[in-house]
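Below is one structure, written out as structure tokens, with a few remarks after it.
The values are calculated or read from the model by the stated rules, or taken from the named source; none is laboratory data. Note that this is a predicted model, so its numbers are computed, not measured. A quick note on method: Cβ atoms are made from the backbone with ideal geometry, for glycine too, and the neighbour counts reach across all protein chains shown. The accessibility values were calculated without ligands, DNA or RNA, using every heavy atom of the protein model including side chains. Shrake-Rupley method; radii C 1.70, N 1.55, O 1.52, S 1.80 Å.
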Amino acid sequence: MAARGSARSSSSSRSGAGPSARGGTRGGKAKVAIEQLPWNRVRPAPVVLITGPEELLAGRAARAIRSQLAELDPALETSELEADKYAPGELLTLASPSLFAEPRFIRVSGVEKCTDDFLAEMLEYLDSPADDTVVVLRHAGGQRGKKLLDAIRAASGTAIEIVCAELKTDSDRYDFAMAEFKSAQRSVTPGALRGIVSAFTGELAELAAACQQLIADSEGEITERTVERYYSGRVETNAFKVADAAIAGHRGEALGLLRHALATGADPVPLVAAFAAKVRTMAKLSGAYGPPGQLASRFGLAPWQVDRAKRDLQGWSDEGLARVIQLLAETDAAVKGAAYDPEFALERLVTVIAARGR
């Protein structure tokens with residue numbers, strides 16, 4: 001069936017595109033001869049290596065490949081293997097043609113902890129992959145299995161790699177959240193996106209779940225008010241409201257928001273962290289010139305963050321920024337136990353920031 005063979009033919013025609021598509025080694029370091037794709041641009045190949053620490057993205061990539069194969073042939077046979085608990089012969093058994101010749105999708109987890117038997121058999125399999133079979137290997141990081149990784153990355157025409165790097169910057173997480181709403185064909189305001197990203201600064205899975213809840217439980221355009229209605233209890237949301245008011249010079253409003261946050265159980269540490277995040281961005285852009293897109297790329301920010309920081313910097317001097325940065329360090333120590341009254345330290349920080357460091 002032509003559809004079943006499409007994974008392999010597609011890999012042969014497109015693998016190794018670009019300047020990195022050269023085999024061989026130099027200085028003992030294996031070169032990458034296969035195509036490397038981001039998690040949201042996946043496609044099948046006889047062997048698919050999914051690398052990187054971000055489990056949410058890795059899981060989505062594997063499911064997307066399976067969905068593409070199932071769409072080509074609903075009779076797709078799916079199997080799961082654990083490389084760290086591998087029994088000899090499992091891979092070859094699962095990849096062997098079945099009675100009705102259904103296409104096969106074999107998902108292998110824990111390759112970074114693989115047994116010697118799996119390593120040996122997968123290296124052998126790589127030399128002659130089974131027809132109508134896609135093997136997806138998940139390697140979360142580390143040196144275990146490096147020989148296999150090098151062999152896969154040299155297997156032009158057979159394998160591809162899906163890179164699931166950690167989304168570290170606010171810009172990356174903003175783009176991720178925006179893609180969540182776009183894929184659901186939901187309209188969302190820039191303020192709502194900023195709010196949801198600011199509210200969920202920890203695990204990417206939390207941010208994804210929050211976006212999906214807004215998509216499922218709300219109607220129409222998703223606005224800042226929508227985010228506030230669902231996540232007003234998030235400490236980070238309250239923290240950034242306090243920071244925004246103080247940086248805008250609204251001392252009374254900022255102090256009122258601060259006292260309300262503390263009275264409702266907010267932890268002072270994330271409050272200081274919110275101030276620090278915004279002031280660090282301002283310090284990065286102080287004295288920097290160029291189009292917002294260029295500055296965003298240079299500093300690892302989203303263009304809206306550049307625009308916001310430039311507005312926030314109005315009326316600030318370098319001396320004022322330096323004083324606030326020093327005060328932030330003192331306040332951070334105070335709220336972590338170095339001072340008897342951390343609330344007083346926070347109120348002093350708000351007052352100085354509202355006065356633009358004067």
Scaled radius of gyration (Cα, divided by 2.2 N^0.38 Å) that the chain gives: 1.24
Viscosity 0.890 mPa s, 25 °C: Kirkwood-radius Stokes-Einstein D of region 180-257 over Cα pairs, µm²/s: 187 µm²/s
Net charge dipole size for the chain [Lys, Arg +1 and Asp, Glu -1 on Cβ; Debye, nearest 20]: 1260 debye
Heavy-atom accessible area per residue - region 294-358, 1.4 Å, Å²: 54 Å²
Of all accessible heavy-atom area on the chain, the percent that carbon and sulfur account for (1.4 Å): 51 percent
Positive dipole terminus of the chain, leading residue within Leu69, Val32, Leu301 (C-beta point charges): Leu301
Convex hull projection area averaged over all views, region 145-188, Cα basis, nm²: 5.1 nm²
Antiparallel %, DSSP beta bridges [both residues in the chain], to 5: 5 percent
P(r) tail fraction, region 204-340 - alpha-carbon pairs more than 22 Å apart, %: 49 percent
Cross-link table Lys85/Lys113; Lys241/Lys336; Lys113/Lys147; Lys182/Lys284; Lys147/Lys168; Lys168/Lys284, entries beyond 20 Å C-alpha to C-alpha: Lys241/Lys336; Lys182/Lys284; Lys147/Lys168
Dipole moment magnitude, nearest 20 debye, region 68-175 about Cα centre, only Lys, Arg, Asp, Glu C-beta charged: 380 debye
1.4 Å probe accessible area per residue over region 109-155, in Å²: 43 Å²
